[in-house]
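Scroll down for the structure; my scribbles are underneath it.
The values are calculated or read from the model by the stated rules, or taken from the named source; none is laboratory data. What you see is a predicted model, and the numbers here were worked out from it, not measured in a lab. Because the Cβ atoms are built from the backbone with ideal geometry, glycine has one as well, and the counts that use them run over all protein chains shown.
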Amino acid sequence: MKRVLITGAAGFLGSHLCDRFIKEGCHVIGMDNLITGNIENIEHLFPLKQFEYYHHDVSKFVHVPGELDYILHFASPASPIDYLKMPIQTMKVGSLGTHNLLGLAKAKGARMLIASTSEVYGDPEVHPQVEEYWGNVNPIGLRGVYDEAKRFQEAITMAYHTFHGLETRMVRIFNTYGPRMRVDDGRALPAFFSQAIRGEGITIFGDGSQTRSFCYVDDLVEGIYRLLLSDYVYPVNIGNPVEITIKEFAEEVLEMVGNPKSKLTFHPLPQDDPKKRRPNITKAKEILDWEPKISRQEGMKRTLEYFRTVVNVDETVG
């Protein structure tokens, strides 16, 4: 039985990865310090013999007894609301945390996959974004703490691969959505769904002409799984290349939720907010034989069902 360490295990993506690796017959060790994770995301796994949980901050020394085959490093605040509130923890988990886990992977002879992000491209001047594009990032801007933590994470991971011969994989994750997203994480989709369910104004930054490309979580997990088992060591974009403006997306949410009280409201654009975001997934198709299968309409339907169970309508404003 393969033994897998997943950091950020109680988070949105980490918890879905725990489920996937349990389903694949692995022994999963979940690790999280719960600064943004939610233990309820993995509580259903606690009775299982093939799952164990460590409450731990990976930016401190990491020890896991026994053999390890794979490490998936998904620990990090991942939404602007979190990393603006916790800038130093965000930098530390991307730098010290990654260093600690690479050291563990080296000691155990494990293969390590890191969760990088489309944010390494910054506010891109190349569209759609290809893996060879080096990005347009403001290192001292508010978002720099996340962007540069992930860019450093890629650099040190590649250094361990080239210098120590460590088996490493890198996924660049584009906007992903699905059940277990935090209602208050500040990202467009949770904000739009929760505001529409409560009958509040839908918060759009700028004029809503900025674009995003939304990938359903099951598709993303499949891409990550295939990348881990591949022999490709360079970054691979995993995301959905179907691009939509934020305003169009908000209108889709309004129509789907059907709450007549909700209307679009416009607010100033935050600093360094990317104007466009869309992955070129040629590499994923060629190397992993992967592309998204779940349409936005189907994915949003599943996600809305989840949000209706977790959004507290009693908090309605006005």
Q | Subset of the stretch 74-104 [surrounded by 24 or more Cβ atoms within 10 Å (Cβ to Cβ) and more than 21 Å from G30 (Cβ to Cβ)] | A | Y83
Q: Would you please list the contacts, defined by Cβ atoms under 6 Å and residues six or more apart or on different chains, that run from a residue in the stretch 38-60 that is of a type in the set (D, E) to a residue that is surrounded by 15 or more Cβ atoms within 10 Å (Cβ to Cβ)?
A: E52/I29; D57/N33
Q | Residue that is farthest from R111 (Cα to Cα), among those in the stretch 222-234 that are within 15 Å of the chain's Cα centre (by Cα) and surrounded by fewer than 20 Cβ atoms within 10 Å (Cβ to Cβ) | A | E222
**Q.** Selection status of T90, closer than 17 Å to I114 by Cα and in contact with a Pro (Cβ under 6 Å, 6 or more places away or on another chain)
**A.** yes
Q. Just checking, how many residues over the stretch 131-157 are in contact (Cβ under 8 Å) with a residue 40 or more places away in the chain and over 20 Å from the mean Cα position of the chain (by Cα)?
A. 2
(Q) Just the residues that are farther than 18 Å from G97 by Cβ and over 15 Å from the mean Cα position of the chain (by Cα), please, taken from the stretch 5-34. (A) D19, R20, F21, I22, K23, E24, G25, C26, H27, V28
Q. Could we say that P235 is at pLDDT 95 or above and of a type outside the set (D, E) here?
A. yes
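Does the stretch 158-174 include one or more residues that are modelled with pLDDT of 95 or more, farther than 29 Å from M1 by Cα and under 18 Å from the mean Cα position of the chain (by Cα)?
Within the stretch 158-174 (the criterion being modelled with pLDDT of 95 or more, farther than 29 Å from M1 by Cα and under 18 Å from the mean Cα position of the chain (by Cα)), the answer is yes, since at least one residue qualifies.
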Q) Across the stretch 251-290, what is the total count of residues that are at positive phi, in contact (Cβ under 8 Å) with a residue 24 or more places away in the chain and exposed (fewer than 15 other Cβ atoms within 10 Å of the Cβ)? A) 1
Q: Might you check whether a residue that is outside the structural domain of T303 (by TED's automatic domain parsing) and closer than 11 Å to F74 by Cα occurs anywhere in the stretch 43-62?
A: yes
